[in-house]
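Each remark here refers to the structure printed beneath this line.
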Amino acid sequence: MRKRILVTGGAGFLGSHLIDRLVARGDDVVCIDNLQTGSLQNISHVRDQIAFVEHDIIQPLPELGEFHEIFNLACPASPVHYQVDPIHTFKTSVFGVLNLLELAKKQNCKILQASTSEVYGDPFVHPQPESYWGNVNPIGVRSCYDEGKRGAETLLFDYARMYGVTIKVARIFNTYGPRMDSKDGRVVSNFIVQSLRKKPLTVYGSGEQSRSFCYVEDLIEGFLLLMDTPKVVQGPVNLGNPYEFTMLELAQKVNMHTGNHVPLKFEALPQDDPKQRKPVIEEAQRLLNWIPSVLLDEGLQRTVDYFKNNLSIKSE
Ligand SMILES: NC(=O)c1ccc[n+]([C@@H]2O[C@H](COP(=O)([O-])OP(=O)(O)OC[C@H]3O[C@@H](n4cnc5c(N)ncnc54)[C@H](O)[C@@H]3O)[C@@H](O)[C@H]2O)c1
């Protein structure tokens, strides 16, 4: 069946890859984005196959017809961007999600929320299962994002309990790949861009803190399986790659893939930066039969190739 699907945040990194998959399978896609961090360049290759609406989801939604599904990805994802206007970021996760939930309730359509591993904060439990309630600073500089996303989850589960809305909550762990914003400070794009420009790689803290990195293709596959599964999904579902690497290991791998062996430059850790992150993905395996398949080396090579072709190496 050809579905009519609303993707918010569709001009961003993950949203544009999701739209590629939806268009490829023949769905009718409407993308809402306020272009705060996304760009029309990310969707230029499918622009004539989708409808694009420039709109901020914190405002009442325009009349766009009936949808079968809503994927809500609208929200700046990197600290550099979400801290520019923290109140707007918080509103995006609360007012924006409220607007979309009202639409899902009215139209009786499914809604998938792009939540985040940031709901676990700086975790005392490692690795993190969905049952862990997290350790989040409610008043720090990252709170607009972390608590906003937690508030969004609260709204989703209350709409499910009160009104029977079918919700899917994907807790996304670090995801990387082509079309990441080269300037938004996320570690994979930062390292790749610095290495390609032969500038020292900025490592925060000692570099011993760890993260797990999921390639974008794997993540989007998880999104689609989660939205499509006929099984009852009772709670949030972690989507991420469980292989863990320290920042020092990542830096070494990036240098290997660019072929530029640039030195490291150490700087102080940002406030509330989690020391370790790694998903338990048993729920995604059980419900969706999903596990990531792209190894870090393969994903990094593809991302390095993308930046080589799309970045003006001499521009900085
Ligand atoms: N990439 C990751 O590793 C990661 C990890 C965890 C969660 N997420 C979540 O996934 C989603 C997509 O992340 P991304 O990496 O593609 O980020 P991104 O910044 O590239 O994309 C976000 C998109 O949402 C748009 N947007 C932001 N606020 C909006 C608003 N109020 N109204 C309309 N559009 C708005 C932006 O312009 C952008 O196109 C986000 O919700 C993010 O929190 C991403």
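The values are calculated or read from the model by the stated rules, or taken from the named source; none is laboratory data. Just so it is clear, the structure is predicted and the values come from calculations on it, not from any experiment. Here the Cβ positions follow ideal geometry from the backbone for every residue, glycine too, while neighbour counts run over all protein chains shown.
From the list VAL80, VAL97, which one is closer than 26 Å to LYS183 by Cβ, assigned by TED's automatic domain parsing to the domain that holds GLU221, among the β-branched types (Val, Ile, Thr) and within 14 Å of the ligand (Cβ to nearest atom)?
On the way: VAL97 fails: closer than 26 Å to LYS183 by Cβ.
Going through VAL80, VAL97 in turn, just one is closer than 26 Å to LYS183 by Cβ, assigned by TED's automatic domain parsing to the domain that holds GLU221, among the β-branched types (Val, Ile, Thr) and within 14 Å of the ligand (Cβ to nearest atom): VAL80.
Condition test on VAL254, is it part of a strand (DSSP E or B) and within 23 Å of the chain's Cα centre (by Cα)? Show your work before the answer.
Working: part of a strand (DSSP E or B): no; within 23 Å of the chain's Cα centre (by Cα): yes.
No: the conditions fail for VAL254.
Just wondering, is there one or more residues in the stretch 102-125 that are surrounded by 21 or more Cβ atoms within 10 Å (Cβ to Cβ) and at positive phi?
Checked the stretch 102-125: at least one residue is surrounded by 21 or more Cβ atoms within 10 Å (Cβ to Cβ) and at positive phi.
With the requirement that a residue be within 17 Å of THR37 (Cα to Cα) and in a strand (DSSP E or B), what does the stretch 162-178 give you?
Answer for the stretch 162-178, where residues must be within 17 Å of THR37 (Cα to Cα) and in a strand (DSSP E or B): THR175, TYR176.
Can you name the number of the only condition in (1) in a helix (DSSP H, G or I); (2) modelled with pLDDT of 95 or more that VAL80 fails?
For VAL80, the exception is condition (2).
Scan the stretch 39-76 for residues that are hydrophobic (A, V, I, L, M, F, W, C) and part of a helix (DSSP H, G or I) and jot them down. Spell out how you get there, then give the answer.
First, the residues of the stretch 39-76 that are hydrophobic (A, V, I, L, M, F, W, C): 40, 43, 46, 50-53, 57-58, 61, 64, 67, 70-71, 73-75.
Once the filter is applied, which keeps residues that are hydrophobic (A, V, I, L, M, F, W, C) and part of a helix (DSSP H, G or I), the stretch 39-76 yields LEU40, ILE43, VAL46.
So, in the stretch 145-186, how many residues would count as being aromatic (Phe, Trp, Tyr) and within 13 Å of the ligand (Cβ to nearest atom)?
Step one: list which residues in the stretch 145-186 are aromatic (Phe, Trp, Tyr), which gives 145, 157, 159, 163, 173, 176.
Going one step further and asking which of them are within 13 Å of the ligand (Cβ to nearest atom), we end up with 145, 173, 176.
So the count comes out to 3.
Going by the structure shown, is SER131 assigned to a loop (DSSP other than H, G, I, E, B) and either crowded, with 23+ Cβ neighbours inside 10 Å or small (Gly, Ala, Ser) (or both)?
Working: assigned to a loop (DSSP other than H, G, I, E, B): yes; either crowded, with 23+ Cβ neighbours inside 10 Å or small (Gly, Ala, Ser) (or both): yes.
Judged against the criteria, SER131 is a match.
Checking the condition at positive phi and surrounded by 23 or more Cβ atoms within 10 Å (Cβ to Cβ), which residue from GLY15, GLY26, GLY9 passes? Explain how you work it out, then say what you get.
Values: GLY15 fails: at positive phi; GLY26 fails: surrounded by 23 or more Cβ atoms within 10 Å (Cβ to Cβ).
Going through GLY15, GLY26, GLY9 in turn, the sole match is GLY9.
I need every pair where a residue in the stretch 133-153 that is touching a residue at least 12 places away in the same chain (Cβ under 8 Å) and farther than 15 Å from THR89 by Cα has its Cβ under 9 Å from the Cβ of a residue that is basic (Lys, Arg) and assigned to a helix (DSSP H, G or I), sequence separation at least 6 or different chains.
Once the first residue is touching a residue at least 12 places away in the same chain (Cβ under 8 Å) and farther than 15 Å from THR89 by Cα and sits in the stretch 133-153, its partners that are basic (Lys, Arg) and assigned to a helix (DSSP H, G or I) give GLY134/ARG150; VAL136/ARG150.
Evaluate the stretch 116-128: report whether one residue or more is in the same structural domain as ILE43 (by TED's automatic domain parsing), in a helix (DSSP H, G or I), more than 12 Å from the ligand (Cβ to nearest atom) and at pLDDT 95 or above. I'd like the intermediate steps shown before the answer.
Within the stretch 116-128, the subset in the same structural domain as ILE43 (by TED's automatic domain parsing) is 116-128.
In the following step, the residues that additionally are in a helix (DSSP H, G or I) were identified as 117-120.
Retained after the next criterion (residues that are more than 12 Å from the ligand (Cβ to nearest atom)): none.
No, the stretch 116-128 contains no residue that is in the same structural domain as ILE43 (by TED's automatic domain parsing), in a helix (DSSP H, G or I), more than 12 Å from the ligand (Cβ to nearest atom) and at pLDDT 95 or above.
Residues that are in contact (Cβ under 8 Å) with a residue 24 or more places away in the chain and over 23 Å from GLN301 (Cβ atoms): does the stretch 253-261 have at least one?
The answer is no, given that none of the residues of the stretch 253-261 is in contact (Cβ under 8 Å) with a residue 24 or more places away in the chain and over 23 Å from GLN301 (Cβ atoms).
Just one of the numbered conditions (1) over 19 Å from the mean Cα position of the chain (by Cα); (2) among the acidic types (Asp, Glu); (3) part of a helix (DSSP H, G or I) is not true of GLU217; which one?
Going through the list (1) over 19 Å from the mean Cα position of the chain (by Cα); (2) among the acidic types (Asp, Glu); (3) part of a helix (DSSP H, G or I), GLU217 breaks only (1).
So ILE139 fits all but one of (1) part of a strand (DSSP E or B); (2) more than 25 Å from LEU224 (Cβ to Cβ); (3) of a type in the set (A, V, I, L, M); what number is the exception?
So ILE139 meets the others, but not (1).
Looking at this structure, is ASP181 in a helix (DSSP H, G or I), closer than 30 Å to LEU269 by Cα and among the charged types (D, E, K, R)? So that I can check it myself, show each step before the final result.
Working: in a helix (DSSP H, G or I): no; closer than 30 Å to LEU269 by Cα: yes; among the charged types (D, E, K, R): yes.
Against the criterion (in a helix (DSSP H, G or I), closer than 30 Å to LEU269 by Cα and among the charged types (D, E, K, R)), ASP181 does not qualify.
Please list, ordered by first then second residue, the pairs with beta carbon atoms under 8 Å, 6 or more apart or interchain, first in the stretch 26-52 and under 18 Å from LEU100 (Cα atoms), second within 13 Å of the ligand (Cβ to nearest atom) and in a helix (DSSP H, G or I).
VAL29/ILE19; CYS31/GLY15; CYS31/ILE19; CYS31/ILE43; ASP33/GLY15; PHE52/LEU40; PHE52/ILE43
Which residues, taken from the stretch 210-231, are in contact with a helix residue (DSSP H, G or I) (Cβ under 9 Å, 6 or more places away or on another chain) and among the hydrophobic types (A, V, I, L, M, F, W, C)?
PHE213, CYS214, VAL216, LEU219, ILE220, PHE223, LEU224, LEU225, LEU226
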